[in-house]
Amino acid sequence: MNISANKKTIGSEEWCSFPALGLHAIRARVDSGAKTSSIQAFNIQNFHRDGVSWVSFEVHPIQKNRRTVVRCERAVIDKRVIKSSTGLTETRYVVSAPLKLGDELWEIELTLANRDSMGFRMLLGREAMNGRLIVDPAEVCLMGDITDEKISELYGKKKTTKNGLNIALLASNEELYSNQRILEAAEQRGHNIIFLNVMQCYMKLDATKPEAHYRGGKLLGNLDAVITRIKSSATFYGTALARQFESMGVYTTNTSTAISQSRDKLFSLQLMLKNGINIPTSGFANSPIDTKDLINMVGGAPLIVKLLTGSQGRGVVLAETQKAAESVINAFKSLRANLLVQKFIKEANGKDLRCFVINGKVVASIERSAAPGEFRANLHQGGTASVVKITMEEKMLAIKAAKVLGLQVAGVDIIRSKSGPLLLEVNSSPGLEGIESATGQDIAGMIIASIEKKLNWQI
C-alpha cells in the first residue's frame, strides 16, 4: 500500500491564503524542521470578547512591502515560548485559522511573530502538513504561482487621505527598517509624509524669511513637523538643519539642542549626574601620563573603554587586565580620540535594558543579551532581545534621562547592578526593528500619534 497516495506534493515555497483573515495570498517558506507554523504579525493587541481571550494584529502579506497592511482578529488558543532561528526567545500568541492551499482548506495553528526582517511572511511547519503533504525541496510553487499583477489585484492599492499633517522624515537612508516603518505609519494614519536625505537639504539664512530647500530646488514649506533621525556621522549638519526648521516654526520630534546633548557622551553623562541620575563610575582624561591613575580612579581592571563618538556598540572595548587597559587607552589617545573609561558591571552578565521613551512615557522595553563570548548586548553586535518587565525605578530613570536631555523620542539604555539601575547612555535616533520584533508593538505608529497629540491634530 502506498501511504503517500492521498498526499499532495508541495515545493519549498508555496502561496497560501487565509480567507477568514482576509489574507488572499501570502508566500510561505515550507519548513518541515519547524513544528508550528507562524505568520508575520505586528501591533499585536490582546482583548476579551464574551469572556474569551482574543488578539488583534496587523499583517504585511507581501514580501519586501510594508505598505500593504491587513488587519486581523482571532481567538487566542495558547501562548508559547518560542526560540527563533536568530536565537531570540519570546512568548507568542497562538491562533488557529483555515488554511487554503490549492483546492484544499483545513484548520491550522499559527504563532504570531514579527517576520518583517525575514525573507518570508509565513512559515509552514510540519504539524500543518502531517498526513496531507509531501515536500519536494527542489521545487517551488507546485500548487500554483501568483504574479505581481495578481497580487496588486488581490490587495489593491490602499488610498490614503490627503487631509492629514504634512510631515518630513529627516534621515540618511530611506531603506532602513526604522525609516520605512515611520513612513508607513504616517501614511496609514492619513498623513502626507516625505523623506528628506540630510545631505541633500540646504538652507537660506534670513532674519525675516528663513527657508529650507531640497534637491532640485524644492522649497520645503508648509511642513507641520519634522521627524529628526540624525545618524552620528551627520550630527553637525543634521542639527543645523533641525535648527533651521525650528526657526521656521516647524515642530521637530527631537530638537537640535537635544540631539547635540545626547551625542556628546561626556556632556550627557555630566548632565545626568547633575540631575541625580546614577551612572557607572567613569573617567575622562586627555594625557597619556595619567593612564594608570585614570584606571585606578574607576576601580581598576576589568573596565570598559568607550570612544565618545561610537554608536551601536562600535568603539567600545572591554579591557580585562591592567596591562590591556593601559594598552587600549594609550592606543586610543595616540589617535587623538576622545574616550571614556567606565567601571565594568560584572553582575549584569552581558545584559542591559533598552527602554523606548516617547513624550515622557516608556512605551516598550526589552532586555538585550550579549552573544556568546561577547560583552556588548547591542543587537548590531549579535545580541538577542526579549520582552522584559522593568521596575518602577527603572521606568522613572528612563523617563528622567530623556527629560534631562530634552528628547521627545529616545532609546534609554540601563544596566542592572548590585547598587540598583545605572544609566549607560541615551540614543536620540533609536532603532525600531529590535524592539518592534521582540514586543510586537507598533512603535512607529506611536511616534506618529505623539506628533498628532503635540500638534492637537484630530481626524
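Across segment 24-54, the qualifying residues are those that are touching a residue at least 40 places away in the same chain (Cβ under 8 Å) and in contact with a Ser or Thr (Cβ under 6 Å, 6 or more places away or on another chain), and the one among them that is nearest to ASP136 (Cα to Cα) is VAL30. Comparison of GLY156, GLY125, GLY144, GLY190 shows that the only residue that is under 24 Å from the mean Cα position of the chain (by Cα) and not hydrophobic (A, V, I, L, M, F, W, C) is GLY190.
If I ask for residues that are basic (Lys, Arg) and assigned to a loop (DSSP other than H, G, I, E, B), which ones from segment 205-221 would you list? Across segment 205-221, the qualifying residue is only LYS209. Taken together, the residues in segment 391-422 that are part of a strand (DSSP E or B) and farther than 15 Å from ILE366 by Cα amount to 4.
Restricted to strands (runs of 3 or more DSSP E) entirely inside segment 333-373, those with at least 2 residues that are touching a strand residue (DSSP E or B) at 6+ places or on another chain (Cβ under 8 Å) and at pLDDT 90 or above are 351-358, 361-369. Taken together, ARG132, ARG115 contain a single residue that is among the basic types (Lys, Arg) and modelled with pLDDT of 90 or more, which is ARG132. Screening segment 21-71 for residues that are aliphatic (A, V, I, L, M) and part of a loop (DSSP other than H, G, I, E, B) and picking the one that is farthest from ASP442 (Cα to Cα) gives ALA34. Checked against the criterion of being in a helix (DSSP H, G or I) and either over 18 Å from GLY406 (Cα atoms) or at pLDDT 95 or above (or both), segment 222-229 has no qualifying residue.
Sub-9 Å Cβ pairs linking a first residue in segment 198-222 that is farther than 14 Å from GLY238 by Cα and not assigned by TED's automatic domain parsing to the domain that holds ASN173 to a second residue that is in a helix (DSSP H, G or I) and among the hydrophobic types (A, V, I, L, M, F, W, C), at least 6 apart or interchain, number zero.
Can ILE146 be described as in contact (Cβ under 8 Å) with a residue 60 or more places away in the chain and surrounded by fewer than 17 Cβ atoms within 10 Å (Cβ to Cβ)? When the stated conditions are applied, ILE146 passes them.
Residues of segment 163-199 that are over 21 Å from LEU455 (Cβ atoms) and not polar (S, T, N, Q): GLU174, GLU175, LEU176, TYR177, VAL198, MET199. Suppose we keep only residues that are assigned to a loop (DSSP other than H, G, I, E, B) and small (Gly, Ala, Ser) within segment 72-104. Which one would you say is modelled with the highest pLDDT? The extreme case among them is GLY102.
Listed here are the helices (runs of 4 or more DSSP H) enclosed by segment 243-320 that have at least 2 residues being surrounded by fewer than 20 Cβ atoms within 10 Å (Cβ to Cβ) and modelled with pLDDT under 85: 291-297. May I ask you to say which residue of GLU187, GLU127, GLU174 is farther than 25 Å from LEU432 by Cα and of a type outside the set (A, V, I, L, M)? None of the other options fit; the residue is GLU127.
The values are calculated or read from the model by the stated rules, or taken from the named source; none is laboratory data. As the structure is a computational prediction, the values presented were derived from the model and not from experiment. Please note: Cβ atoms are built from the backbone with ideal geometry, for glycine as well, and neighbour counts cover all protein chains shown.
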